[in-house]
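Following: one structure in structure tokens, then a few remarks.
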Number of protein chains: 4
Amino acid sequence: MALFLSDNVTGACPEVMDAVVAANSGAVLSYGDDAISSSLQVRLAEVFETEVKVFLTVTGTASNALALSALTPPYGKIYCHELAHINTDECAAPELFTGGAKLVPIRGENGKISAHSLAASISGHGNVHNAQPAAVSITQSTEAGTVYQLDEIAAITETAREHGLKVHMDGARFTNGLVALDASPAQMTWQAGVDVLSFGGTKNGCLAAEAIVFFDPGLAQDFAYLHKRSGQLLSKMRFIAAQLQAYLHDGVWLRNARQANAMAARLSAGLAALPGIELAYPTQSNEVFVHLPATVLDGLQAEGIAVNGDELDCSAERFVAAWNTSTADVDRLLAAIARYCANTA
Amino acid sequence: MALFLSDNVTGACPEVMDAVVAANSGAVLSYGDDAISSSLQVRLAEVFETEVKVFLTVTGTASNALALSALTPPYGKIYCHELAHINTDECAAPELFTGGAKLVPIRGENGKISAHSLAASISGHGNVHNAQPAAVSITQSTEAGTVYQLDEIAAITETAREHGLKVHMDGARFTNGLVALDASPAQMTWQAGVDVLSFGGTKNGCLAAEAIVFFDPGLAQDFAYLHKRSGQLLSKMRFIAAQLQAYLHDGVWLRNARQANAMAARLSAGLAALPGIELAYPTQSNEVFVHLPATVLDGLQAEGIAVNGDELDCSAERFVAAWNTSTADVDRLLAAIARYCANTA
Amino acid sequence: MALFLSDNVTGACPEVMDAVVAANSGAVLSYGDDAISSSLQVRLAEVFETEVKVFLTVTGTASNALALSALTPPYGKIYCHELAHINTDECAAPELFTGGAKLVPIRGENGKISAHSLAASISGHGNVHNAQPAAVSITQSTEAGTVYQLDEIAAITETAREHGLKVHMDGARFTNGLVALDASPAQMTWQAGVDVLSFGGTKNGCLAAEAIVFFDPGLAQDFAYLHKRSGQLLSKMRFIAAQLQAYLHDGVWLRNARQANAMAARLSAGLAALPGIELAYPTQSNEVFVHLPATVLDGLQAEGIAVNGDELDCSAERFVAAWNTSTADVDRLLAAIARYCANTA
Amino acid sequence: MALFLSDNVTGACPEVMDAVVAANSGAVLSYGDDAISSSLQVRLAEVFETEVKVFLTVTGTASNALALSALTPPYGKIYCHELAHINTDECAAPELFTGGAKLVPIRGENGKISAHSLAASISGHGNVHNAQPAAVSITQSTEAGTVYQLDEIAAITETAREHGLKVHMDGARFTNGLVALDASPAQMTWQAGVDVLSFGGTKNGCLAAEAIVFFDPGLAQDFAYLHKRSGQLLSKMRFIAAQLQAYLHDGVWLRNARQANAMAARLSAGLAALPGIELAYPTQSNEVFVHLPATVLDGLQAEGIAVNGDELDCSAERFVAAWNTSTADVDRLLAAIARYCANTA
């Protein structure tokens, strides 16, 4: 059973799938010069309450690596949490797309960097022997399932600006963070100092749809060439745009994320109530990290419930709730864990 | 009207779209570890009558650039026709993915290179000052809408082997070439000496589905890392695999290509019969290249019929038939062109 | 006997070697922050009669590839003669240092491109599918031993500007071209529209000393990082700067080039006077390209006189005169060739 | 006064300079096909008591980055101390030359990693989402002026082998480490498990001469192309080879390093004896790291004695002794520091 292994084990939500089917009519210009793609640009400007330049991709890895390539020279440094997806889970895609920029990992509790730890890491500006400080990337919600508060983001981006860094946000789980904060998309991004966002749709109800959103159009001036060069400019782009159109329509994206977060909260609370079970990080979005006794793990495995070892912390397990996780799903999992906990005791 | 501008202005054929919808159920392992993806590997081995290693992408550019990156060191030379898509239409993606390999353009009639012109171009082997001969790439059907005969392919690959080159086939329109030759997939690829194929589905009835097919598994040994690094490893890969499954089922791919080729033949014959109209290349698959008088072009434009200037030959226009082009579509276009030809005369 | 194989088979001229020895005293700041290096910058500004930004390297390959990396994005196109050193003899170094830019070879007589052939080659500006026209590189004197006239250079650079291209000059044999034209360094470079020059010293009397000379300081803004990143920022840079100081002092560079050119002219005239011997290109600088009968080649080989096959033209041989080639050297070679010619007749 | 700022502020030792002058005679084959270059290969095989493949460069940055490019795929991970020169002082050259490999910094006392800390850092083998463990690089003597013991090296390389990693040694100050250990070159390299060595000559008495030494010829199979492509294949290579020939002749290299180490030891002992002065790291080769009160720093500056802030530790200063540092030099420095220490007290 793949449930809870990740939010990408799910399919697409009905509205998104319907939109893909609906987009399949007529002959339209390719490579994004179609009506659906154009109107998505308008829609995202509305959603973010500012002018944006948008490029679509089909993976978060492509979005992140491409976005970073607009922010750094090949001899630049990109600061990020040591557990950032770009640093640990993209098989050196950022290095490829940036032409060899250097990721500088920063330690920090609960998957977060701070303005202070960022400032302490920045060095070498103007020294020809050093790769040059160029950008910082933060993940919202984080790889630990936690959420940066608006003032934390603002403090980081202020430090970034003081040191001449551009700011990228990896929003593979953007909406989970957004509804957790109950903030507006504008507040959590450009109003807090973010220059470029990897806006993820795939994990939260799309088939494969990600958007790179530039809040500073100047940064995107030549980006179309980088985008094409990366192999992410789909000829039938309407099918990607249609997903995000439906996703952003009528609150589907927010509904999906709220459901996932609520189920994670339910799971988290249920786990915390079990004897001998300890959470690894506070649960703030749709991911739950927990230390489970070996007997519990063995029991779950015997039942065919796959469990994802936490890449951050070898002694913790990760459970991810998705847009379609149900109360019953959570309760079944809790019951199974409880059963093996009891056996342990 | 986007019709005839390219075969990528179309949507997906019904069988493919149905398969995408059908794939949207249940939670399955991500990144291609699902049942649909696994069975596609088996299906492609059947189709090509040999063991294959398959990696999926969503664009031809990604397929080509990635495939080439498995065939050349960064200091290698890749020989290709000067009008090859990899040389003219991929915004230096092959250079990016290969780490800086050099494309060596070869001239040749009707969009084809020959064993002879290839042999005459190869130089520098073992000379440390020269980029090293590493691979040759041919396109089937070609960028000129022509089709390599089996013996032409075999002669090229034999020359390649003599010089230690690996062989890539850009099969963005593979099936159009295949049905034109009435050959088997095996005959047109590995039996003729091809090492790696970019097998295209998008232009012939898929939404966005391409496969990199390795006939020599040894070449694919570490390819999974290159694939992931390129941002082409989709988390919900089942949706790409499902397209190709349906595409290859029950002859859908062959039916689609036959329809496109037949409509191109009809268009080509109709054009050739018009006074003062000359074809730029022989029509052998689903693309028609033709020299049109300016008055005809102006007339078509006035009617809102978009026409694609041939990138190969500035004085020629390109019309592409697709899986869903109808006799009526062709006849309407012919009638319009005939109308303006008459005006000219 | 390596004589005539290339001008790089020679050592350093006495003034240059003396300067290296003289530079070996005291402890000075490293990485070019020493007095010799500083004064070289001043000296080059005098020589070129304008403000320049200068970076030193030890090979022409590094100079060229680095200079180009300041002129093109990684998705750019660099136009050059098909026989340009950057295209044929640098093992894809330009592709490495530019991050994957594409060299576009242009054909042309006598090793030269023309404004016309350049204009005819430029395409794709603003089309996201095409690598973007970014730069043109010309070699002075050329790989065929010919020399661009000032008006030819100006016409090429004017075409370049019209299409938004930057202009690089590969001056591995800059001084040989300069004295051939009897022009000033300013006239042959920035006054004729050149943006960046690879100024070669090694072939004309230095041990290993090349300078990248920017006439537009804006292009060099961040170049120090590219320079360091390439491994060309020597710690004891004074030893490279000292070579070029001595080279440019008191006309040493001009004297050396004049000697080489004169000896090539003597050789060329002598060859042309022999029965059945035909020059492959007009001799305009210090390289002579000639078609020699097989019996002559065999005879020379038997005498231990190494002969360099012309990389441009498989049926021609190349003889290169250097700063220290003597009349006696030339006459001995001519006598030997005459001997075997006579045998042939 | 540049003295003590680094060992690269010095010139060349007499034997090396004499050899450069002596190499300047006659016309010889270029690009390393000369007698001096050939005999250097033989000499290095003698020095290391095994078959070696050697490639020369002119900077440590080029040596390191190139050597690493032979050990890792572009999606590989290179483990190193967080203060390794390759990580902090080469402006992303390793990332350039490897095509985007990822340096993974490891913390450790006194500038050293350990077999244990290395083992703890290695992860992701076979996981397609992770850059792949490929190599480890250690610096001997280290960036902190300390020296790995033979058993420490052996333990690290054993761990490396267990995890399939290749081993690189950055020997910019190889000889300083060698004489500190009183080991043989073989013992400190291949016998201890090192695959490739950056063998530095520049800091210890050469003008600009570094050698990449492969102990496993298989790793160097195609290295000549990488070497050429990097712009480090000098045409007049004899001048680099001649330096290393003289350097390795008659113990010059060992004598130079012993002098440097002895002077560092004298300085270190003198500093330790001063009131209120504390060493930052144990002095084991030719570098001394020390915490100096601000008044001392101000005093030295007022006297025109430049002091290098330690890049490793912002509160420490670095003094480097070189092959030509004299007892008088050391004593003068010590006296100056003592003077300002006294003022402080």
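Need one number for the range B:60-107: average projected area of the convex hull over its C-alpha atoms, nm².
Working: hull surface 10.6 nm².
It is 2.7 nm².
Loop only per DSSP, at most 11 neighbouring Cβ atoms within 10 Å: give me the GluC sites (Glu not before Pro) in the range A:156-227, ordered by residue number.
Values: sites: A:Glu158, A:Glu162, A:Glu210; in loops: none.
Answer by residue number: there is no such site.
Please report, for C:Pro14, the nm distances (one decimal) from its label point, 7 Å out from Cα along the beta-carbon direction, to the equivalent points in the remaining copies, shortest first.
Result for C:Pro14, in nm, nearest copy first: 2.4, 9.4, 9.6.
Under unit Cβ charges (Lys, Arg +1; Asp, Glu -1), what dipole magnitude, rounded to 20 debye, does the range C:1-120 have relative to its Cα centre? Could the numbers behind the result be given before it?
Working: 6 positive and 13 negative charges, 100 e Å.
Roughly 480 debye, rounded to the nearest 20.
What FRET efficiency comes out for the pair A:Arg107/A:His249, r = Cβ-Cβ distance, R0 = 60 Å, nearest 0.05? Before the final figure, lay out the partial values.
Working: r = 41 Å, r/R0 = 0.68.
That pair, A:Arg107 with A:His249, gives E of 0.90.
So how strong a dipole does the protein assembly as shown carry about its Cα centre when Lys and Arg Cβ are +1 and Asp and Glu Cβ are -1, to the nearest 20 debye?
On the way: 80 positive and 140 negative charges, 0 e Å.
Value, rounded to 20: 0 debye.
If you line up the Cα atoms of the range A:157-306 on their principal axes, what length do they span on each, largest first, in Å?
The principal-axis extents, from largest down, are 56, 42, 31 Å.
Check cross-link reach from D:Lys166 to the aspartates and glutamates: straight Cα distance under 12 Å, and skip same-chain residues fewer than eight apart.
Answer for D:Lys166, where 12 Å is the Cα cut-off: D:Glu158, D:Asp195, D:Asp216, listed by chain and number.
Taking each pair of different alpha-carbon atoms in the range D:42-122 once, compute 1/r for the pair, average those values, and report the inverse of that mean as the Kirkwood hydrodynamic radius in Å to one decimal.
Details: mean 1/r = 0.0715 Å⁻¹.
Roughly 14.0 Å, rounded to one decimal.
Mind listing P(r) for the range B:1-50? All alpha-carbon pairs, 10 Å bins, whole percents.
19, 32, 32, 15, 0
Using unit Cβ charges (K, R positive; D, E negative) and no other charged atoms, how large, in debye to the nearest 20, is the dipole of the range D:191-345 about its Cα centre? Show your work: numbers first, answer last.
Values: 11 positive and 15 negative charges, 121 e Å.
Value, rounded to 20: 580 debye.
Between the range B:25-70 and the range C:175-227, what's the alpha-carbon centroid distance in Å?
51 Å
Using just the Cα positions, wrap the protein assembly as shown in a convex hull and report its mean projected area in square nanometres, one decimal place.
On the way: hull surface 215.7 nm².
Result: a mean projected hull area of 53.9 nm².
Kindly give Rg over Rh for the range C:256-344, based on alpha-carbon atoms, with the Kirkwood expression for the hydrodynamic radius. Numbers along the way, then the final one.
Details: Rg = 12.0 Å, Rh = 12.9 Å.
Taking Rh as the inverse mean 1/r over Cα pairs, Rg/Rh reads 0.93.
No solvent, one uniform scatterer per C-alpha: report log10 I(q)/I(0) for the range B:1-94 via the Debye equation at q = 0.13, 0.16, 0.24, 0.26 1/Å, two decimals.
-0.73, -1.02, -1.25, -1.29
Explain nothing, just the number: relative contact order of chain A, from Cα pairs under 8 Å at least 6 residues apart, as a whole percent.
On the way: 705 pairs, mean separation 79.4, N = 345.
Relative contact order of chain A: 23 percent.
Mean residue ellipticity at 222 nm from the helices of chain C, using -39,500 (n - 2.57) per DSSP H segment of n ≥ 4 over the full residue count, to the nearest 500 deg cm²/dmol?
Here the helix-only value at 222 nm equals -12000 deg cm²/dmol.
Counting pairwise Cα distances across the range C:68-180, what percent come out greater than 21 angstrom? Could you put the intermediate results ahead of the total?
Numbers: 1932 of 6328 pairs.
In whole percent, the long-distance tail amounts to 31.
Run a plain Debye calculation on chain A (Cα atoms as equal point scatterers, no solvent) and give log10 I(q)/I(0) at q = 0.13 Å⁻¹, rounded to two decimals, same order as the q list.
Values, matching the q order: -0.98.
Which whole-Hz ³J(HN,Hα) couplings does the range B:251-267 yield from phi under the Karplus relation 6.51 cos²θ - 1.76 cosθ + 1.60, θ = phi - 60°, glycine and proline marked x?
Running phi through 6.51 cos²θ - 1.76 cosθ + 1.60 with θ = phi - 60° gives x, 4, 4, 6, 4, 4, 5, 5, 4, 4, 5, 5, 5, 5, 5, 5, 5 Hz.
What residue among C:Ala154, C:Leu96, C:Asn127 has its Cα farthest toward the positive end of the dipole of the range C:81-174, where the charges are +1 on Lys, Arg and -1 on Asp, Glu, each on the Cβ?
C:Asn127
Taking Cα centroids, how far is the range B:76-136 from the range C:110-146 in Å?
Comparing the Cα centres of the range B:76-136 and the range C:110-146, I get a distance of 18 Å.
What distance in nm separates the simple spin-label points at B:Asp182 and A:Ser184, each placed 7 Å from Cα in the Cβ direction?
Taking the simple label geometry, B:Asp182 and A:Ser184 are separated by 6.7 nm.
Here, each number is a calculation from the coordinates, and none is a lab measurement. The structure presented is a predicted model; accordingly, all values stated were derived computationally and were not measured. Here the Cβ is made from the backbone with ideal geometry for all residues, glycine too, and neighbour counts use every protein chain on show.
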